Amino acid sequence: MRQVDPFGCGCTECVTGLSVPLHEATAEDISNMIVHDDLELNLTDAYFKITVIADWHQDFGLMNKRVMMDYRVDETTVRVWDMTDTQLGWEVSTP
Ligand SMILES: [Zn+2]
């Protein structure tokens, strides 16, 4: 698991791959950062918004679930990750 550094970071750890800057982070990096909060992988100092989108049909019930993560600065979305197939996505969309 990699530490996630701030958006735009280009420090030595990001260059060598020990850390990843937020703008290059994968959904898996974001999931690990939040699910394994005790490992202190989150060095982003960032604000995130998690959205669970569920399509419901009266005959078929829950058709489709998606979990999206937005990185936001001043109410503006800078980057979006589809978290549906990550551990975080599973945890926030499972009752
Ligand atoms: Zn860095």
Handout entry: Top-ranked residue of the range 1-39 - restricted to ones that are among the polar types (S, T, N, Q) and more than 20 Å from D82 (Cα to Cα), ranked as surrounded by the most Cβ atoms within 10 Å (Cβ to Cβ)
Key = S19
Completion exercise
The residue that is farthest from the chain's Cα centre (by Cα), considering only those in the range 4-20 that are within 8 Å of the ligand (Cβ to nearest atom) and small (G, A, S), is G10
Exercise for the section: Determine if the range 60-70 includes at least one residue that is within 22 Å of L43 (Cβ to Cβ) and touching a residue at least 12 places away in the same chain (Cβ under 8 Å). Expected result: yes
Handout entry: Meets criteria (surrounded by 13 or more Cβ atoms within 10 Å (Cβ to Cβ), assigned to a helix (DSSP H, G or I) and at pLDDT below 95) for V92
Key = yes
Exercise for the section: Hey, can you tell me all the residues within the range 41-59 that are in contact (Cβ under 8 Å) with a residue 12 or more places away in the chain, more than 11 Å from M1 (Cβ to Cβ) and assigned to a loop (DSSP other than H, G, I, E, B)? Expected result: L43, T44, D45, A46
Practice task
Within the range 39-95, work out how many residues are closer than 13 Å to D29 by Cα and not β-branched (V, I, T).
Solution key: 13
Handout entry: Where a residue in the range 1-25 is on the phi > 0 side of the Ramachandran plot and in a helix (DSSP H, G or I) and its partner, wherever it lies, is more than 9 Å from the ligand (Cβ to nearest atom) and of a type in the set (D, E, K, R), with Cβ under 7 Å and at least six apart
Key = none
Practice task
For residues that are among the β-branched types (V, I, T) and either within 13 Å of the chain's Cα centre (by Cα) or surrounded by 13 or more Cβ atoms within 10 Å (Cβ to Cβ) (or both), tally how many sit in the range 40-76.
Solution key: 5
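The values are calculated or read from the model by the stated rules, or taken from the named source; none is laboratory data. Not measured: the values here are computed from a predicted model. Here the Cβ is made from the backbone with ideal geometry for all residues, glycine too, and neighbour counts use every protein chain on show.
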